[in-house]
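Structure first, then comments.
Derivation of every value follows stated rules applied to the coordinates shown; laboratory data play no part. Nothing here was measured: the structure is a model prediction, and the numbers come from that model. All Cβ positions, glycine included, derive from the backbone under ideal geometry; neighbour counts span all protein chains shown.
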Amino acid sequence: MPVLPDDASLPNREAVLGQAIPFDRARWTSQLPDSTWWPDALDGCPQTGRWPRVDRRAVFGIARRADTAEGRRHLLVAALVWGNGTKVRSVRRSARIFQNSTRADLDARLYKALDVLREHGVVAAYRAFNNDQHSPYLGPAFFTKVLYFAGHDRGVGQHRPIILDSVVSRALRAAGAVEASWPDNGWTTAQYGHYVSMVHDYARARGVLPDQVEAALFSYGKRL
């Protein structure tokens, strides 16, 4: 079963790492529990036009320091910033994560889910984030970003974490990689595991990394 159309091109890894998203620092810091949640590394992001832009490479750098509670907070915030852009509505929607959980609860759930990632791999970590370690308003489209940045380049388990969101799902359906009833969000652990497995198989066949396939799916989905 195809993952992408036959004529789809795959970005090189430098292009993937350089995928940059604009953000409004003030908009985010006003929504966080306090100033310590903001990753100072984002303040070094280059500005293009009105907004600074954060790329995947910068978030990976933040993820490398996620071995402390503060580091995990910064990883969560950086993944949300990269995934949202500058729209006020999007930022406020993600900010509900902080408004509906205590700091201690978020810290504990991030620690436990990322520990599952290290010990048992990405599918088990997806199950954890989606069930026992679920935080209100932190859904799969964003917690798979946390898993991706935490584990894609660290060699955790058999498979590397990859992002799954509504745009990627749209691309998978259009390419015939999944059934027409495949949802836009709220994927089960089995569905995420199937997605990870087929992307890894496709990546191996093409001689690329899994996030290059995910980036190509996202680009294809945006064009639909």
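Gain on full extension, evaluated as 0.36 nm per residue between residue 93 and residue 185 minus their Cα-Cα distance, stands at 31.6 nm.
Tally Lys/Arg at +1 and Asp/Glu at -1 over every other residue whose Cβ is under 11 Å from the Cβ of residue 75; what's the total? Write out the running numbers ahead of the final one.
Values: positive: 64, 65, 72, 73, 145; negative: 67, 70.
Net charge in that neighbourhood comes out at +3.
Assuming charge only on the beta carbon of Lys and Arg (+1) and of Asp and Glu (-1), the dipole of the stretch 1-97 about its Cα centre is about 400 debye to the nearest 20.
Taking a point 7 Å out from the Cα of residue 174 in the direction of its Cβ, the residues of the stretch 188-224 whose backbone N falls within less than 15 Å of it are 214-224. Shown here for the stretch 37-109: trypsin sites (Lys or Arg not before Pro) in loop regions (DSSP other than H, G, I, E, B) with at most 10 other Cβ atoms within 10 Å, namely 50.
Please list, by residue number, everything in the stretch 34-65 whose backbone N is under 18 Å from a paramagnetic label point 7 Å out along Cα→Cβ of residue 105. Within reach of a label on residue 105, which here means backbone N under 18 Å from a point 7 Å along Cα→Cβ, the stretch 34-65 contributes 34.
Helix-only estimate, please: 222 nm mean residue ellipticity of the chain, summing -39500 (n - 2.57) across DSSP H runs of length 4 or more and dividing by its residues, to the nearest 500. Before the final figure, lay out each step's value.
On the way: 11 runs with 126 residues, N = 224.
When only DSSP H runs of four or more count, the value is -17000 deg cm²/dmol.
Ordering 110, 62, 42 by Cα displacement along the dipole of the stretch 42-119 toward the positive end leaves 42 in first place; charges were set at the Cβ atoms of Lys, Arg (+1) and Asp, Glu (-1). When both the stretch 1-30 and the stretch 136-169 are represented by their alpha-carbon centers, they are found 13 Å apart. The equivalent ellipsoid that matches the C-alpha gyration tensor of the stretch 104-224 spans semi-axes of 23, 17, 11 angstrom, in descending order. Among the DSSP helices (H) of the chain, those spanning at least 18 angstrom by Cα along their long axis with an average Kyte-Doolittle hydropathy of -1.0 or more are 69-84, 103-120, 189-206, 210-223; this is a geometric and hydropathy rule only.
Each eigenvalue of the Cα gyration tensor of the chain, multiplied by 5 and square-rooted, gives one semi-axis; in descending order these are 27, 20, 16 Å. Scanning residues 5 or more positions from residue 55 or on other chains, those with amide H under 5 Å from its amide H are 21, with H placed 1.01 Å from N in the peptide plane.
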